[in-house]
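Structure record follows, encoded as C-alpha cells.
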Amino acid sequence: PGSESALFNPEMVGFFGENPALLSQQGCDPFAQTQRSKLQHRRARINQQINKEMRMRAGAENLFRATSNHKVKETVALELSYVNSNLQLLKEELEELNSSVDIYQNDSESISVPMIPLGLKETKELDLLVPLKDLISEHYGEEGVLFEKEIKEFMELRQAMRTPSRNEAGLELLMEYYNQLYFLDSRFFPPTKSLGVFFHWYDSLTGVPSHQRALAFEKGSVLFNIGALHTQIGARQDRTSLPGLNQAIDAFQKAAGAFNYLKENFSNAPSLDMSAASLNMLVRLMVAQVQECVFEKMTLLRTQHDFLSRLQLAQEAARVEDVYSLVHQTMTQAHVKDYVPFSWTTMVHVKSEHFKALSHYFAAIALCDCPAASDAELPEQEKAFIQFHVTMPDGPSLRVLLQDPEERRKLGKAHLKKAIMKHEEAMRIHGLCKILRKMDILQEVLSFAHKRSLSKYSEIDHEEDFFETGDAPDIHPKTLQKPEIKSPNFSQVKVTDLFHRLGPLSVFSAKNKWYPVRRVHLMRGENGFGFTLRGDSPVLIAGVIPGGCAAEAGLKEGDYIISVNGKDCKWSKHAEVVQLLKSTGEEGVEIGVITLQGSEGPKAVDKKAAAMSSGSGLQKSNKENSRKSLMNSKSASTLLVWSKKSKRSKKSTYGVPFTAVGDNEAMY
C-alpha cells in the first residue's frame with residue numbers, strides 16, 4: 001500500500017502530467033507497479049484463464065453429448081475432470097485475491113479493523129469504429145468517415161475508465177462514461193435493431209465471463225464499478241482521524257447507494273455479482289461498514305468518560321453487532337453462500353462477535369469505572385438504564401443497582417464475563433480461516449480487545465467473591481447516526497454529447513426515421529415565402545399557404561429545415577434561420593428539409609413540440625445532461641432492462657393551420 005500512496009494522493013499529479021484537466025479523460029497508468037495494480041493485473045490474467053477453461057469445458061461437454069463412441073466418451077470425461085479441477089484452482093486463486101483486503105487499506109501506522117472493499121469488474125476492449133460509421137451512413141445519411149474523431153474519442157474514454165484512479169477523479173471518469181452511454185443509447189441503439197456489438201464483462205468475484213448486446217449491461221457494469229471504487233476509497237481512509245472517518249462514511253454510503261440503485265433499476269443480470277441477492281448482500285455489507293465507522297467516530301469524539309457516554313458507546317457497539325449479524329445471515333443464504341469468498345463471510349462473523357464483546361465491555365466499564373449515581377443524577381441515569389438492556393437484569397431494583405457500588409460491580413463482572421466469551425469466540429472463528437490468519441492487523445485488534453477485557457476482569461475480581469457470576473442480558477442496539485444510502489448523483493458530472501454534430505436528439509435519434517434530405521429552391525413572392533415557422537433546433541415548418549411559393553416548391557407542413565444555402569441549420573435558432581431567409585436576393589434560396597416518417601400530413605405537424613412538452617425529447621442542447629433525460633434512457637434488450645421504463649410520447653394528432661399563428665410562430 002505504501003508504494004501506492006503517491007499515485008492516489010490528490011496533491012500529486014501522478015501519471016497525468018501537469019495538466020489537471022487530463023484527469024477526466026485518463027485512467028491510471030496500466031503499467032504502474034503498485035500493489036493494487038498488480039492485484040488487478042492478476043485478476044485480469046485469472047479472468048482470461050477462466051474464460052479459456054470454460055470454453056474448453058463447453059466444447060468437451062458438447063462432444064460428450066454428441067458422440068456415441070465409448071472410447072471417445074472416456075477420453076472426453078477425463079479431459080473434463082482436468083478442466084474442472086483447473087477451474088476450481090483458478091476460482092480459489094481469485095477468491096484469495098478478493099480476500100486481499102489489506103492492500104486496499106490505508107498506509108497509516110495506527111491500528112484499525114480492516115474493511116472489505118470490492119475489486120473492479122474487468123472488461124474486454126471494444127472496437128466501435130466500423131459499427132458506428134456504418135450506422136451513421138445508413139441511419140443518418142452522413143459520411144461515417146467524418147465522425148471518426150468522435151468515435152475514437154468515445155473509445156478512448158471507455159479505455160480510460162477501465163483503470164480509474166482510486167480518488168474523486170476516478171469516480172468522475174466512470175460517471176462521465178456512464179453519462180455518455182445515455183447519448184450513445186439515444187443515437188445508435190434503435191429499438192428494433194441491434195448494433196451487432198457485444199459488451200464483455202467478467203464477474204467481480206468469480207471471474208466468470210458474460211456478454212450481451214444490450215447497452216444496459218454496459219451501464220450496469222459501469223455502475224457496479226462506481227460502487228466498487230467507492231468501497232476502495234472508503235477502505236483506504238485513515239480512520240484514526242475525524243476527517244478520515246467522515247470520508248469513509250461518505251464513501252461507503254455512496255457505495256451502498258450505487259449497489260441499491262443497480263438492484264432497483266436493472267433486472268435479469270447475466271452475471272452473479274449483479275443479481276438481486278448479491279446486490280442486496282453488498283448494500284447490507286456497506287451499511288454495516290458505515291455503522292462500524294460511526295462507532296469509531298463516537299469513540300473518537302467521546303472525550304468525556306461519564307456513565308451515560310459509556311452506555312452510549314455500548315449501544316453503538318451493539319448496533320454494529322446487529323447489522324453485521326444481518327450481513328452474516330445474508331451471506332449464508334442459499335443463493336449467496338457458495339458465491340461470496342469464505343474470508344468475507346468469516347470476517348463479517350468475526351466482527352459480529354467482536355462488537356458484541358465490545359458492547360459488554362463498555363457496559364462493564366460504565367458500571368465499574370464510573371462513580372455510583374448521586375440523588376441528582378439518578379433520574380437521568382435511571383431513564384437511560386431502563387432502555388439499555390434487551391431484558392432487565394436479575395437482582396435489586398434499578399435505584400439500588402445504580403447507587404450501590406457492589407451491585408454495580410457484580411453486574412459489571414457479568415458483562416465482562418460475557419465480553420471475554422465473545423472475544424474468544426471471535427478469535428476462534430478468525431482462526432478457522434487460513435486467509436484471515438495471515439492478516440496481522442485483525443489478529444492484533446482481536447488480541448488487544450481480549451487482553452483489555454481480561455485485565456479489567458482480574459482488576460474487579462475479588463478473592464472473597466463466593467457468588468456465581470450471572471448471565472448478563474444483551475444490550476439494546478441504538479445509534480446516534482443512522483447510515484444513509486446515497487444514490488448516485490448523475491448530474492454532478494456534466495458531459496457534452498460527443499456526436500452533437502448529428503443534430504438535436506429530439507429529431508436526430510435512433511428511434512426516429514426520416515426520408516432523405518430534399519433540396520428545395522424557393523423564390524420570395526409578393527406575400528413572402530408562404531409558410532409559418534416554429535421552434536428552434538431544428539426550425540419546423542408549421543404551416544404552408546395553399547398556392548403560395550412554399551407550396552409550389554414542394555414544402556410541406558411538418559418539414560424540418562436543416563440547411564439554408566448550404567449552411568447547416570440543425571442547431572440554428574429561429575431568429576438565425578429567419579435572418580438567413582431574409583438575406584436572400586432575387587435569385588431565391590435553397591433550403592434543405594427532412595420529413596420524419598409517420599409525421600406527414602396536416603394532422604401531424606407538431607410532433608417535435610409534443611415531444612418537447614412531454615419530456616421525451618430534449619428541448620435545448622444545454623439541457624441534454626439533465627437527470628431526467630439520463631434516467632429515461634431505454635435499453636434495446638429484453639434480457640437486461642431498466643425496470644423503470646421511459647414514457648415515450650405519442651405522435652401529435654392535432655394540426656396547426658397556417659392562419660392560426662401561435663406565440664412562438666411567425667409567418668414569412
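The values are calculated or read from the model by the stated rules, or taken from the named source; none is laboratory data. Computed from a predicted structure; not experimentally measured. So basically every Cβ, Gly included, is an ideal-geometry build from the backbone, and we count neighbours across all protein chains shown. Side chains included, ligands, DNA and RNA excluded: accessible areas come from the protein's heavy atoms. Shrake-Rupley method; radii C 1.70, N 1.55, O 1.52, S 1.80 Å.
How much net charge surrounds residue 310 when only the other residues with a Cβ under 9 Å from the Cβ of residue 310 are counted, with Lys and Arg +1 and Asp and Glu -1? Please report the intermediate quantities before stating the final value.
Numbers: positive: 302; negative: 306, 369.
So the surrounding residues net to -1.
Remark: for residue pairs 73/193; 73/121; 121/337, the C-alpha separation exceeds 31 Å in 73/193; 73/121. Computed from label points 7 Å out along Cα-Cβ, the spacing between residue 447 and residue 66 is 5.9 nm.
The residues 308, 171, sorted by heavy-atom accessible surface at 1.4 Å with ligands and nucleic acids left out, run 308, 171 from largest to smallest.
Out of region 416-496, which GluC sites (Glu not before Pro) are coil in DSSP terms and have no more than 11 other C-beta atoms within 10 Å?
Details: sites: 424, 425, 444, 459, 463, 464, 468, 484; in loops: 463, 464, 468, 484.
Here the sparse-neighbourhood loop sites are 463, 464, 468.
Protein-only accessible surface at a 1.4 angstrom probe places the residues 148, 143 in the order 143, 148, largest first.
Here residue 494 sits with roughly 140 square angstrom of accessible surface, probe radius 1.4 Å. Between residue 194 and residue 438, full extension at 0.36 nm per residue minus the direct alpha carbon distance yields a gain of 82.9 nm.
Each label was represented as a point 7 Å from its Cα along the Cα-to-Cβ direction; for residue 491 and residue 240 these points are 4.2 nm apart.
At a Förster distance of 41 Å, what's the computed FRET efficiency of residue 79 paired with residue 567, Cβ-Cβ distance as r, to 0.05? It would help to have the intermediate numbers written out before the result.
Working: r = 67 Å, r/R0 = 1.64.
Once the sixth-power term is evaluated, E becomes 0.05.
Between amide H atoms placed 1.01 Å from N, distances below 5 Å from residue 122 occur with 202, all of them 5 or more places distant or on a separate chain. Measuring nothing but protein heavy atoms, the accessible surface of region 302-481 at 1.4 Å probe radius is 51 percent carbon and sulfur.
Between the amide H of residue 564 and those of 569, 592, distances stay under 5 Å, these residues lying 5 or more places away or on another chain, with hydrogens modeled in the peptide plane. Protein heavy-atom surface of region 513-596, 1.4 angstrom probe: 50% of the accessible area is carbon and sulfur, with nucleic acids and ligands not counted. The gain in end-to-end length when the residue 518 to residue 586 segment is fully stretched comes to 22.3 nm, 0.36 nm per residue minus the alpha carbon separation.
Quick one: net charge of residue 367's neighbours, Cβ under 10 Å, K/R +1, D/E -1? Present the calculation step by step, with values, prior to reporting the outcome.
Working: positive: 310, 408, 409, 410, 413; negative: 369, 407.
It works out to a net charge of +3.
Between residue 156 and residue 382, the modelled labels are 7.5 nm apart [label points 7 Å from Cα along Cα→Cβ]. Rounded, prolate or oblate for region 513-596? Axes are the square roots of the Cα gyration tensor eigenvalues, ordered a ≥ b ≥ c, and the cut-off for rounded is a/c under 1.5. Rounded, because the longest to shortest axis ratio a/c is under 1.5. A simple rule links phi to the HN-Hα coupling: the Karplus curve 6.51 cos²θ - 1.76 cosθ + 1.60 with θ = phi - 60°, which for region 145-157 gives 4, 6, 10, 4, 4, 5, 5, 5, 5, 5, 5, 5, 5 Hz, with x for Gly and Pro.
Over region 513-596, give the accessible area per residue in Å² for a 1.4 Å probe, as an integer. Don't jump to the answer; show the numbers that get you there.
Values: 3760 Å² over 84 residues.
Per-residue accessible area for region 513-596 comes out at 45 Å².
What translational D, rounded to a whole number of µm²/s, comes out for region 302-481 from Stokes-Einstein when the hydrodynamic radius is the Kirkwood one over Cα pairs, at 10 °C and 1.306 mPa s?
Values: Rh = 17.2 Å.
After rounding, the answer is 92 µm²/s.
What a 1.4 Å probe finds exposed on region 189-250 is 55% carbon and sulfur by accessible area, rounded to a whole percent. Amide H contacts under 5 Å for residue 474: 390, 391, restricted to partners 5 or more places along the chain or on a different chain, H placed in the peptide plane at 1.01 Å from N. Its Cα centre serving as origin, region 302-481 has a Cβ charge dipole (Lys and Arg +1, Asp and Glu -1) of approximately 900 debye.
Solvent-accessible surface of region 274-364, taken per residue with a 1.4 Å probe and all protein chains present: 32 Å². Here the Karplus curve 6.51 cos²θ - 1.76 cosθ + 1.60, taken at θ = phi - 60°, turns the phi angles of region 260-273 into couplings of 5, 4, 4, 5, 7, 10, 10, 9, 6, 5, x, 10, 4, 5 Hz, with x standing for Gly and Pro.
Taking trypsin sites (Lys or Arg not before Pro) across region 169-239, the ones in a DSSP loop with at most 13 further Cβ atoms lying within 10 angstrom of their Cβ are 193. Between residue 397 and residue 302, the C-beta separation translates, for a Förster distance of 30 Å, into a calculated FRET efficiency of about 0.55.
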